[in-house]
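K.L.:
Take this structure first; my questions come after.
The values are calculated or read from the model by the stated rules, or taken from the named source; none is laboratory data. Keep in mind that what you see is a predicted model, and the values were worked out from it rather than measured. A quick note on method: Cβ atoms are made from the backbone with ideal geometry, for glycine too, and the neighbour counts reach across all protein chains shown. When the accessible area is computed, the model is the full protein with side chains, heavy atoms only, and any ligands, DNA or RNA have been set aside. Shrake-Rupley method; radii C 1.70, N 1.55, O 1.52, S 1.80 Å.
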Amino acid sequence: MLQSLILILSLLLSACSLNQKRLTASPGFNKHPLLTTTAKAHYLDWDRALTASILLNKDYSFNQHIDAYTVLYHPDIVTFYNGDDALLALKKIKLRRHWKMNNEQQREQVLRLKTEVKLGVYDRQQQAFPIKATKLLNEQQSYQYKFTKKLPKESSFPPAFYIYISNITQLKQLKLEPELARLVTSNNIQQGHINRLPIDIEININQVAGQQGEGLGAIMTRVIFYSDVDREVPLRIDSFSVVDE
């Protein structure tokens with residue numbers, strides 16, 4: 001059934017691409033010309049949040065945190081050099097150099113958040129599903145996502161990072177042509193849920209706050225809507241502006 005759906009969606013997407021000029025983008029949305037997710041992306045977790053926090057802090061003290069880094073990411077080295085402080089200190093110098101280099105290599109990484117949206121009733125005049133709700137992780141008043149990690153005792157790293165997306169309110173609708181909208185609705189009913197779709201939110205983390213750099217501010221740059229839970233068939237990709245509307 002899933003293979004058939006993927007084939008049908010692929011054919012419909014090809015047909016829809018011929019009629020893109022008939023779709024008018026609503027405020028805050030821009031129709032992406034190609035349904036492609038080829039840009040290498042990584043799903044955000046605690047480790048990548050740590051890297052993002054460090055990259056935004058030009059005065060970050062790698063020396064101060066090298067002990068925590070070694071224990072967390074290289075416990076085998078701590079065990080191997082146990083009792084030989086001089087050799088362990090020399091090893092940490094090499095690890096610190098590698099850590100800084102690895103951080104810089106991730107500066108241009110595309111970061112994604114895996115979540116889902118709940119759609120309202122399809123509006124044929126607007127050719128769009130209104131988005132009724134976005135399922136966010138640990139949503140609170142001051143942040144939308146929280147990433148935690150169990151750390152060794154007395155670690156200098158924060159146990160949690162808190163992500164706030166300034167323009168998340170721009171995610172208001174999913175524009176689809178009627179034929180594709182009917183197929184999406186039918187597929188949702190067959191799977192036992194009404195108009196719930198998986199999405200990826202691509203973000204750019206551009207602000208850091210907190211004594212340990214645990215508060216991260218971000219902007220939503222793209223949203224990829226998928227037709228299947230395996231995220232193999234993108235329905236639409238929308239780009240977003242950097243300011244809240």
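K.L.:
Return the carbon/sulfur percentage of the accessible area of region 107-212, one whole number, probe 1.4 Å, all protein chains in place. Walk me through the numbers on the way to the answer.
P.N.:
On the way: 2730 of 5980 Å².
Roughly 46 percent of what the probe reaches on region 107-212 is carbon or sulfur.
K.L.:
In nm, give the distance between the simple-model label positions of Thr115 and Ser155, each being 7 Å from the Cα along the Cα-to-Cβ direction.
P.N.:
2.4
K.L.:
Oh, and also: My understanding is that a pair violates if its Cα-Cα distance is over 24 Å; which of Lys135/Lys172; Lys118/Lys149; Lys91/Lys146; Lys58/Lys94 do that in this structure? List each step's numbers first, then the result.
P.N.:
Numbers: Lys135/Lys172 13 Å; Lys118/Lys149 29 Å; Lys91/Lys146 33 Å; Lys58/Lys94 21 Å.
With Cα atoms farther than 24 Å apart: Lys118/Lys149; Lys91/Lys146.
K.L.:
Here's something else I'd like to know. Out of region 67-152, which trypsin sites (Lys or Arg not before Pro) are coil in DSSP terms and have no more than 16 other C-beta atoms within 10 Å? List each step's numbers first, then the result.
P.N.:
Working: sites: Lys91, Lys92, Lys94, Arg96, Arg97, Lys100, Arg107, Arg112, Lys114, Lys118, Arg124, Lys132, Lys135, Lys146, Lys149, Lys150; in loops: Arg107, Arg124, Lys149, Lys150.
Of the trypsin sites (Lys or Arg not before Pro), the ones in loops of region 67-152 whose Cβ has at most 16 other Cβ atoms within 10 Å are Arg107, Arg124, Lys149, Lys150.
K.L.:
Figure the gain on full extension for Thr148 and Gln207 (residue separation times 0.36 nm, minus the Cα-Cα span) and round it to one decimal in nm. Write out the running numbers ahead of the final one.
P.N.:
On the way: separation 59, 0.36 × 59 = 21.24 nm, distance 1.89 nm.
Going from the current span to full extension adds 19.4 nm.
K.L.:
Name the long-range amide H neighbours of Leu235: under 5 Å, sequence gap of 5 or more, or other chain; modelled H, no Pro or chain starts.
P.N.:
When sequence neighbours closer than 5 places are left aside, the close amide H contacts are Phe225, Tyr226, Ser227.
K.L.:
In whole Hz, what ³J(HN,Hα) sequence does region 228-237 give by Karplus (6.51, -1.76, 1.60; θ = phi - 60°), x for Gly and Pro?
P.N.:
These are the phi-based 3J(HN,Hα) values: 9, 5, 7, 6, 9, 10, x, 8, 6, 10 Hz.
K.L.:
How high is the FRET efficiency from Ala68 to Gln125, r the C-beta distance, R0 51 Å, rounded to 0.05? Each step should come with its number before you reach the end.
P.N.:
Details: r = 57 Å, r/R0 = 1.11.
E(calc), rounded to 0.05, equals 0.35.
K.L.:
Any chance you could run the full-extension gain for Phe80 through Ser186? It's 0.36 nm times the residue separation minus the Cα-Cα distance, nm to one decimal. Write down the numbers at each step before the final one.
P.N.:
Details: separation 106, 0.36 × 106 = 38.16 nm, distance 5.84 nm.
Going from the current span to full extension adds 32.3 nm.
K.L.:
Probe 1.4 Å, all protein chains in place: accessible area of Phe147 in Å², nearest 10?
P.N.:
30
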